[in-house]
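The values are calculated or read from the model by the stated rules, or taken from the named source; none is laboratory data. The structure presented is a predicted model; accordingly, all values stated were derived computationally and were not measured. Note that we place each Cβ from the backbone using ideal geometry, even for glycine, and neighbour counts take in every protein chain shown. These area figures cover heavy atoms from the full protein model, side chains too; ligands, DNA and RNA do not enter into them. Shrake-Rupley method; radii C 1.70, N 1.55, O 1.52, S 1.80 Å.
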Amino acid sequence: MRNKAPERDEIAALRAQLATLEGPGGGRVRTTSDSLVEFSPFSADFQGLHDLYADSVADAVAVNAFSLGLALRTAAGRPIVWGLHDQMTHEAGWPHGPGLQEMGIDPAGLLLVRVRDVKTLLAVGEDALRSPAVGAVLLSAWGEAKALSLTASRRLALAAESGGGALFLARAGAVPAPSAAETRWSIRAVASQPLEAGAPGYPTFLATLLRRRSGGGETKTWSMEWDRDHRSFRPPAPLSGDLVPLVAQRAPPAPGRRRSEGPRRVA
């Protein structure tokens, strides 16, 4: 019983923020995709529900960043609602304002909702999908949870389909499981290609498509680089010399990092 009041407070705060965004025009536009066209994550329509799993616990930040990139591309300039499970923030840290700007994200267009449990996180996703003003929804959850059931997945998929919206469910510390998602992914961070004068390169990911509902059962992996200027993913440029090795060992994410000023926090 003691969780019910905080849950109501978080949902009420989100609804109040969403109400300020809604107005005439600016609603979602439904699109259709041809399942016969060869699938490419660089040009695919990501409406509906999509599951994304960190390849390892060390990839928690990577799966959040990759999912945020997809949400940003899908939102097309409209606000993004990002629901964060408490445990995810403890393990992977808070979103960092300057870091978001480095990805090409305007923190003012990002609504952060921090929740204590996965059940409330799912409720945040459903409420956000009901608002036509929201461009995309990202939910970040840590670990296995009974609340993330096939039934819950179907509810999210139905909410996304009925409203013409997009929801990206990013998970770390969990094993890929059956769901109603349109696509299921495994995300891993890899070394980026350095820029001139040894400057850090663009964020780069290995994205493996584990399942796609609308056709094609084969697993396929793409190397994807985030282009902040165009707010989209692209294939990394060909290397002129030796291959950049994949990251073999990485330290686990630092727990408990505090967020900087920037995104609006509604709960």
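Considering G97, G125, which residue is surrounded by 24 or more Cβ atoms within 10 Å (Cβ to Cβ), of a type outside the set (A, V, I, L, M, F, W, C) and on the phi < 0 side of the Ramachandran plot? It would help to see each step written out before you state the result.
Numbers: G97 fails: surrounded by 24 or more Cβ atoms within 10 Å (Cβ to Cβ).
Sole residue among the options that is surrounded by 24 or more Cβ atoms within 10 Å (Cβ to Cβ), of a type outside the set (A, V, I, L, M, F, W, C) and on the phi < 0 side of the Ramachandran plot: G125.
Any residue at all in the stretch 141-154 that's surrounded by fewer than 16 Cβ atoms within 10 Å (Cβ to Cβ), of a type in the set (K, R) and closer than 28 Å to Q17 by Cβ?
Step one: filter the stretch 141-154 for residues surrounded by fewer than 16 Cβ atoms within 10 Å (Cβ to Cβ), giving 143-144, 146-147, 149-151, 154.
Filter once more, keeping what is of a type in the set (K, R): 146, 154.
So of that shortlist, the ones also closer than 28 Å to Q17 by Cβ come out as 154.
Among the residues of the stretch 141-154, at least one is surrounded by fewer than 16 Cβ atoms within 10 Å (Cβ to Cβ), of a type in the set (K, R) and closer than 28 Å to Q17 by Cβ, which makes the answer yes.
Could you tell me whether A19 is at pLDDT 95 or above and either part of a helix (DSSP H, G or I) or surrounded by fewer than 23 Cβ atoms within 10 Å (Cβ to Cβ) (or both)?
no
Among the residues of the stretch 103-118, is any in contact with a helix residue (DSSP H, G or I) (Cβ under 6 Å, 6 or more places away or on another chain) and open to solvent by 30 Å² or more (accessible area, probe 1.4 Å)?
yes
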